[in-house]
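Worksheet: the structure to be examined is printed underneath.
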């Protein structure tokens, strides 16, 4: 139990640290560094405590029921394979935090950097620990989103923005493919539980959907791990700060794809399609990445393409698929993370201390930076596969696997040669990195004078290089136990016998290593000067580069095709857009009716009530009148529209649905006021309409009439079908019988909304909050036409309120006339609050609830704006609707998460009686807390929308000169304060 709770702490810790870092003051020096380091260190301590439980195939699990009926659980699991990945994520993350402390300048916003870094650490932790396919996908997409923020951290840099956008598009598209693939796997296996999927390899491989699932899952893995032809995003991600590059491209972001490959290898492996698809892509990426790396002039560019090449090596081993190959792949993941992180940090130090990463401008740095040079040389030698270093061991294991026979195809026969050429190129580009930067004449072309960095900036590289040496010299005493833990968890009983000995004699892999070393030195000696003077890659290859293809496709999609489609179907007129949406819905409904015609039974008219028919005739007359008056008098159309809504409320009450009636009435009030405030924005009607314009307007209205009649008839048919069909009372009976026993309430409608179907309600209020924020974002930059300053204020008031002289008593001014409704509105505010509280507290047993109470309180706020000047209200009411939305969503989510603490599914409610002093037993249900979250969010969202519109509508009535208006393009802390505080003294 303790170990399973540690998993939950391990997952929550980085996200909690991210929130603290993001909200910490920017003037607290090094606070974010200590926080991030503490999070990583505590995580490593938890992993140390779990070490004994994951050896020899052990698994630590934590399952929280989420939606059991759909097979979706919040399942966390850590086996030996996940454990070794977590050590890389948290261990290298800790070193990156220390390194970033000295790399970032004082001008860089540290809270945002460390918050994003911790969030990414949490996303990778969740991905590796996921025990459910859907949960894995959620964290997979979260890594893409947070990496977008990290890569674009220097958003003022165009290259950083482009690199972030490119990585998000490519990996996001791959994530959609992965979503489809995992859904196919879950459908075939019958479960989304990872343990069940891993035990269903034979069933999955024999299914006709196997190839579909394989291709979709591989597309997700290939895009994330930058495999050809999706490799081009990774070099452009080098525009990120070097700590980000060192972390994302050594132990986390790009490793997510190969983690997925190895995790699903026991399930999807063993077929010819796996060998050709995965192995072919891996070997191609290995060769092309090494080739491009040799031609790079930028240090980080060289390391980026070398990362692509080594990821191709790991993918090729996964494609070979033998147990020995999977052991080698796991080993090389560890080795690559260690030496590549150290090389990125070394490149960052060189850039930080010299001002350039261009190898053509560098040279002789071994004199000015001897310690850094030594560390970088050792790490580069490990990347090249030199003996006595960790990279040499896994490279020889790779050679051994390529030599083995698999299917005796031409590709199988070519694998050793491809591996040999790629390894020779790896030696060549590693040698170029070393010689160009650290040897030769001392550079004089650097923006800054080279010198050693602070010791603690170099300390992470020292740790990583020491690991390279220790693993390379003493593999059995250092890495062997941890590697076995990972391999046993991955392969189980299929774990092969393998050796990490430093010397296996003069065999084929050793001969290949010697040939690669000699050939790499020759390639560098023959081509070094030519490469230094040449562009980054031959012209033919540059024309076929994935980036160019991506940019052309993006240009064609976003510019040519979309513009053509917009010219064909697009319009800026809202009426046309709504007409298209309505016609599409009508077409879909018509197709359904034609494919499966409904069966109708005659309705009984025994209970026909003429009075009810009369009410509906009034409603129909109001609806028709609203459509007719919209042409001549908008205000009259709005009044009639309100009449139709009132008839709807009466209908709900008539048919014993008081909850719907109350809610509909309140929403009708808000909607009517919303439209009323928006009427002044509509363009004025031109009285001198030309005949051709009038003809087109009549034709449009006639077309709208046809659409309305058609859709209305369709809704009538659907209603008739539902009412004439036999009722299935099983669900209704269940709700009626269990509303009080399970939900603690007698109002079945409210219990359904906040308990039985609480997850649906949670999604709906989330959408409502998004809508409110969207309206706010649109209106905060909108400026309605300002009233002319030449019109006297008295005339303006008279025109707005249409109060004439004969309506006033002697000595009464127009402002005195306005005072009466203003006072009434203020007096009604406390009463409105009491009504809202009454509706909220009675909602679980009687008609009401959080939604109705929230709308009622929002109406109270709105009345203050309608009855008084906006400035008077804002000076007296501190309204923060954005915070109301946030707190409401947090309260609702916290209520749902609270059920997990007791082992129940998300949003499971609990009801009991509480003993209140002087009152006695009072019924209480946790659904009330959830309903309070609904209430808070509804108030915030509704007030945000309504006050935004009211604020804009009343803006032109103020006597403030135009130069005192807030600048909508204001940048800086002031803008942030206005957006956060909402409506205060006319701000935002």
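The values are calculated or read from the model by the stated rules, or taken from the named source; none is laboratory data. Please read these numbers as outputs of a predicted model, since none were measured by experiment. Neighbour counts are summed over all protein chains in view; Cβ atoms, including those assigned to glycine, are modelled from backbone coordinates with ideal geometry.
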Answer yes or no: is there a residue in segment 778-787 that is outside any loop (DSSP other than H, G, I, E, B) and modelled with pLDDT under 85.
yes
Restricting to segment 96-117, and then to whatever is surrounded by 24 or more Cβ atoms within 10 Å (Cβ to Cβ) and in contact with a helix residue (DSSP H, G or I) (Cβ under 6 Å, 6 or more places away or on another chain), can you tell me which residue is nearest to residue 333 (Cα to Cα)?
96
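Any chance segment 159-173 includes a residue that's without any contact (Cβ under 8 Å) to a residue 60 or more places away in the chain and not in a helix (DSSP H, G or I)?
no
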I'm checking my understanding of the structure. Among residues of segment 350-374 that are assigned to a helix (DSSP H, G or I) and crowded, with 23+ Cβ neighbours inside 10 Å, which one is nearest to the chain's Cα centre (by Cα)?
350
Checked segment 166-183 for anything more than 18 Å from residue 127 (Cβ to Cβ) and surrounded by 19 or more Cβ atoms within 10 Å (Cβ to Cβ); matches are 166
Out of (1) closer than 29 Å to residue 533 by Cα; (2) part of a helix (DSSP H, G or I); (3) under 39 Å from the mean Cα position of the chain (by Cα), the odd one out for residue 437 is which?
(3)
Among the residues of segment 839-884 satisfying the criterion of being at pLDDT below 70 and under 37 Å from the mean Cα position of the chain (by Cα), which is surrounded by the most Cβ atoms within 10 Å (Cβ to Cβ)?
874
Taking segment 301-332 as the region of interest, how many residues are surrounded by fewer than 24 Cβ atoms within 10 Å (Cβ to Cβ) and assigned to a helix (DSSP H, G or I)?
4
Are there any helices (runs of 4 or more DSSP H) wholly within segment 510-575 with 3 or more residues that are modelled with pLDDT under 70, and if so which?
539-543, 546-555
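So which residues in segment 737-765 are part of a helix (DSSP H, G or I) and in contact with a strand residue (DSSP E or B) (Cβ under 9 Å, 6 or more places away or on another chain), if there are any at all?
Passing the criteria: 740, 741, 742, 743, 751, 754, 755, 759.
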Can you name every residue in segment 560-589 that is farther than 24 Å from residue 697 by Cα and touching a helix residue (DSSP H, G or I) at 6+ places or on another chain (Cβ under 7 Å)?
589
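Return yes or no: is residue 602 assigned to a loop (DSSP other than H, G, I, E, B), surrounded by 13 or more Cβ atoms within 10 Å (Cβ to Cβ) and at pLDDT below 80? I'd like the intermediate steps shown before the answer.
Details: assigned to a loop (DSSP other than H, G, I, E, B): yes; surrounded by 13 or more Cβ atoms within 10 Å (Cβ to Cβ): no; at pLDDT below 80: yes.
In short, no.
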Residue 185 vs. criteria farther than 16 Å from residue 245 by Cα, assigned to a helix (DSSP H, G or I) and touching a strand residue (DSSP E or B) at 6+ places or on another chain (Cβ under 6 Å):
no
Determine whether residue 626 is at pLDDT below 85, touching a helix residue (DSSP H, G or I) at 6+ places or on another chain (Cβ under 7 Å) and part of a helix (DSSP H, G or I).
yes
Kindly indicate whether any position in segment 913-925 is assigned by TED's automatic domain parsing to the domain that holds residue 776, closer than 23 Å to residue 72 by Cβ and either touching a helix residue (DSSP H, G or I) at 6+ places or on another chain (Cβ under 7 Å) or part of a helix (DSSP H, G or I) (or both).
no
Every residue in segment 190-212 that is assigned to a helix (DSSP H, G or I) and either crowded, with 24+ Cβ neighbours inside 10 Å or more than 24 Å from the chain's Cα centre (by Cα) (or both), please.
195, 196, 197, 198, 201, 202, 203, 204, 205, 210, 211, 212
Condition first: in a helix (DSSP H, G or I) and over 19 Å from residue 175 (Cβ atoms). Now tell me which residues in segment 236-255 satisfy that.
238, 239, 242, 243, 244, 245, 246, 247
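Listed here are the residues, each with its yes/no results for (1) farther than 26 Å from residue 911 by Cα; (2) surrounded by fewer than 14 Cβ atoms within 10 Å (Cβ to Cβ).
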residue: 704; (1), (2): yes, no
residue: 711; (1), (2): yes, no
residue: 715; (1), (2): yes, yes
residue: 729; (1), (2): no, yes
residue: 742; (1), (2): no, no
residue: 766; (1), (2): no, no
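Take residue 219 and tell me if it is surrounded by fewer than 22 Cβ atoms within 10 Å (Cβ to Cβ) and not assigned by TED's automatic domain parsing to the domain that holds residue 424.
In short, yes.
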For the subset of segment 63-83 comprising residues that are in contact with a strand residue (DSSP E or B) (Cβ under 7 Å, 6 or more places away or on another chain) and within 13 Å of residue 50 (Cα to Cα), which member is surrounded by the fewest Cβ atoms within 10 Å (Cβ to Cβ)?
77
I'd like to check something: does segment 390-409 contain any residue that is in contact (Cβ under 8 Å) with a residue 12 or more places away in the chain and farther than 20 Å from residue 423 by Cα?
yes
